[in-house]
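To start, the structure under review is shown below, and the notes come after it.
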Amino acid sequence: MKEKVRFRREMSLLDSVFLVIGSVIGTGIFMTTGFVIAFVRSPWLVMVVWALGGLITLTGALSFGELAAMYPQAGGQFIYLREAYGEWSGFLFGWTFFWVIECGGIAALGVGFAEYFGYFFPSVSNQTILFQAEIGGLPYSLSVGQFVAVGAIILLSGINYFGLKSGLLVQNLSVFLRVASIGVLVILGWFVGRKTGMGNWHHFFQSSGALGMKSFGLALVAVLWTYDGWYSVNCTAGEVRKPEKTIPLSLLLGTAGVVVIYLLMNSVYLAALPLERMSGVARIGELAATSLFGQGAAGFVAAAITISTFGCLAATILYGPRVYYAMAESGLFFRSMSVIHPSFRVPGRAIIWQGVWASILCLSGTYQTLYEYVVFALVLFFAATGAAVLVLRFKKPDLPRPYHAWGYPAVPLIFVLINLAVFGNSLYSQPRESLLGLLIILAGVPAFLYWKRKKSDNSYRNYVE
């Protein structure tokens, strides 16, 4: 019998913290605050919403830390849901994760990168249309930017295929550049605002109109999506050194770091312009920088967003394949994805198929529709995973827990209830999209039954070839 191929535990604490930060900070911090302002119409409430979103994310990070310490292996939520509720729950998460959530997210990030890359090279932007037609009564267009997006996905997939260290090198460098560019904007924003009078700190004392709970809730949902990705290190647990200590600590440090960065950036936005100038504005980062530093600053912000999007894409491509690997290794997904490369020690085929499907979604232009249909289901899976902390305390009380969730049971319960509230709000406000999303998830039931039956007839073990 050939020796089983295993992952190498090469990720340090710094790598893990950077992965958390890199998976979260993309375009959101540069594009979300304008919509938050439109909902809450108060500078202080803007800060409260961002801080509350960070606090909720921290409750999730603390909860996921206990689960990661219990199950320090690749797969993240797939593993936790499977152990708490059975194989079917883990599979439905993984099914949705591969076909829509992760690969759809990669496609969206790829096209977003192409959009800002086109700022500097207009001839290869999303606005350079190659082909337009009506297919099945629906408009379809193919742009040069979509091929740029596919090229970025192929490049980063290739880098990750040749080993975890090469993937981490790109990911860590991109985090450093992102944090540095944001740091420049914050420091200069404060300096300009205070010393030259271009920024007006009296903007913090503005407010307009009454605030309703519905508006506050919508603002909070927008902020929570901007924090998404913090669970990335859980997916790579099989490659983390001393995971029982490293993962909980990296979740805490990485998430707390993101919260601080987000609050600092928002303080600059609020000092730069009055509320009415920012309400509903999508490219608020460019608008604030232009107000503070002049028209030339728009290029700097565009460069920062380009780097940020590319880095977030790199992080997402890195951690996703570990989930598909865990599913396949359990006999519940395509067998080829269970293969770990004997030399590079990465789930090479899972990386390839992720890149192929994400590229198809890029070129088809359907990723956004699919993603919008099922993104609400993320919070349902989050709620179930948070509840898994409580379920496993009763179901497997003797299982070693190197780390206990701080504030148990209140912290996991808060995380569960918040996510259930967001899920209920999605069902109420978008019933059609929610129903279609549920149908996509439920399409995984016959697939689960197929792989469950096939599992009894095949071996899904990894061996050196």
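Throughout, read-outs are computed from the coordinates displayed, never taken from laboratory work. Note that the structure is a prediction, hence the values are computed from the model and not measured. No Cβ is skipped: glycine too gets one built from the backbone with ideal geometry, and neighbour counts run over all protein chains shown.
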*Cross-link pairs beyond the 25 Å C-alpha cut-off, checked among Lys165/Lys242; Lys4/Lys454; Lys242/Lys452; Lys245/Lys452; Lys4/Lys455; Lys165/Lys245*: Lys242/Lys452; Lys245/Lys452
*Please identify every one of the chymotrypsin sites (Phe, Trp or Tyr not before Pro) in segment 1-58 that sits in a loop by DSSP and has no more than 12 other beta carbons within 10 Å of its own beta carbon.*
none
*asked:* Give me a comma-separated list of calculated 3J(HN,Hα) values for segment 35-45, in order, Karplus coefficients 6.51, -1.76, 1.60 applied at θ = phi - 60°, integers in Hz, x for any Gly or Pro.
replied: 6, 5, 4, 4, 8, 9, 6, 8, x, 5, 5
*Taking amide hydrogens as modeled 1.01 Å from N in the peptide plane, which residues meet the under 5 Å criterion relative to Ser143, leaving out close sequence neighbours?*
Leu130
*Please list the non-local residues whose amide H lies under 5 Å from the amide H of Thr32, H modeled 1.01 Å from N, same-chain partners needing a gap of 5 or more.*
none
*asked:* Could you derive backbone 3J(HN,Hα) for segment 138-146 from the dihedral phi with the Karplus parameters 6.51, -1.76 and 1.60 (θ = phi - 60°), listing whole Hz in sequence and x where the residue is Gly or Pro?
replied: 10, x, 9, 9, 10, 10, 5, x, 5
*Let a ≥ b ≥ c be the square roots of the eigenvalues of the Cα gyration tensor of segment 57-201; is it rounded (a/c under 1.5), or, if not, prolate (a/b larger than b/c) or oblate?*
oblate
*For segment 304-428, which semi-axes, largest first and in whole Å, follow from the square roots of 5 times the eigenvalues of its Cα gyration tensor?*
30, 23, 15
_Prolate/oblate/rounded label for the chain (Cα gyration tensor, a/c 1.5)_ = prolate
_What's the magnitude of the charge dipole for the chain around its Cα centre, counting Lys and Arg as +1 and Asp and Glu as -1 at the beta-carbon? Answer in Debye, nearest 20._
920
_HN-Hα J in Hz across segment 406-418 - Karplus 6.51, -1.76, 1.60, θ = phi - 60°, x for Gly and Pro_ = 5, x, 5, x, 4, 4, x, 5, 4, 4, 5, 5, 4
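Could you work out how much longer the chain between Ile135 and Lys245 gets when fully extended? Use 0.36 nm per residue separation minus the Cα distance between them, nm to one decimal.
Extra length from Ile135 to Lys245 when fully extended: 34.3 nm.
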*If R0 is 22 Å, what FRET efficiency do you get for Val186 and Leu13 from their C-beta distance, rounded to 0.05?*
0.30
